[in-house]
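Taking it in order: structure first as structure tokens, then the write-up.
The values are calculated or read from the model by the stated rules, or taken from the named source; none is laboratory data. Note that the structure is predicted; figures quoted are calculated from it, not measured. Positions of Cβ are backbone-derived with ideal geometry, glycine not excepted, and every protein chain shown enters the neighbour counts.
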């Protein structure tokens, strides 16, 4: 089951974003890294904003994902989302990757349990067009 309805709109990626979506299809969350200066960036861009190099590669996301900020959407932004409200829209941070932020959703968590800084882990969801999307869920706490 998808977090949002299958009819929810999904943007068409730009050519330089294709690698991100190809890796997501393999259930791998990766971010673009400049081969010249090592700057890690998201969203993917055709050239590095720091050194203007056009060469880049991909690195795996770190496992330190946490909730940076969120909102609970109560007014559907698209007719296909009318029956899905309320739903969350979140920004996930990866502290080990400095400035990396990813817009997504948190599943398996009631809105009243969302907390800034809560540890998250990536999980995968299928959009209506078949694209595999990274979503997040609370990271289970280790028992001591």
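Condition check ((1) under 21 Å from residue 44 (Cα atoms); (2) under 16 Å from the mean Cα position of the chain (by Cα); (3) surrounded by 13 or more Cβ atoms within 10 Å (Cβ to Cβ)) across all residues:
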| position | (1), (2), (3) |
| --- | --- |
| 94 | yes, yes, yes |
| 98 | yes, yes, no |
| 102 | yes, yes, yes |
| 109 | no, no, yes |
| 117 | no, yes, no |
| 120 | no, yes, yes |
| 125 | yes, yes, yes |
| 134 | yes, yes, yes |
| 140 | no, no, no |
Only one residue in 129, 88, 108 is in contact (Cβ under 8 Å) with a residue 12 or more places away in the chain and in contact with a helix residue (DSSP H, G or I) (Cβ under 8 Å, 6 or more places away or on another chain), so which one is that?
88
Is it the case, given these coordinates, that residue 7 is on the phi < 0 side of the Ramachandran plot, in contact (Cβ under 8 Å) with a residue 40 or more places away in the chain and crowded, with 17+ Cβ neighbours inside 10 Å?
no
Could you list, in sequence order, all residues of the stretch 65-87 that are closer than 21 Å to residue 129 by Cα and either surrounded by 18 or more Cβ atoms within 10 Å (Cβ to Cβ) or within 14 Å of the chain's Cα centre (by Cα) (or both)?
87
Among the residues of the stretch 21-30, is there at least one that is outside the structural domain of residue 117 (by TED's automatic domain parsing), in contact (Cβ under 8 Å) with a residue 60 or more places away in the chain, in contact with a helix residue (DSSP H, G or I) (Cβ under 7 Å, 6 or more places away or on another chain) and closer than 19 Å to residue 124 by Cβ?
no
When the residues of the stretch 31-46 are filtered to those that are surrounded by 12 or more Cβ atoms within 10 Å (Cβ to Cβ) and touching a helix residue (DSSP H, G or I) at 6+ places or on another chain (Cβ under 9 Å), which remaining residue is farthest from residue 16 (Cα to Cα)?
40
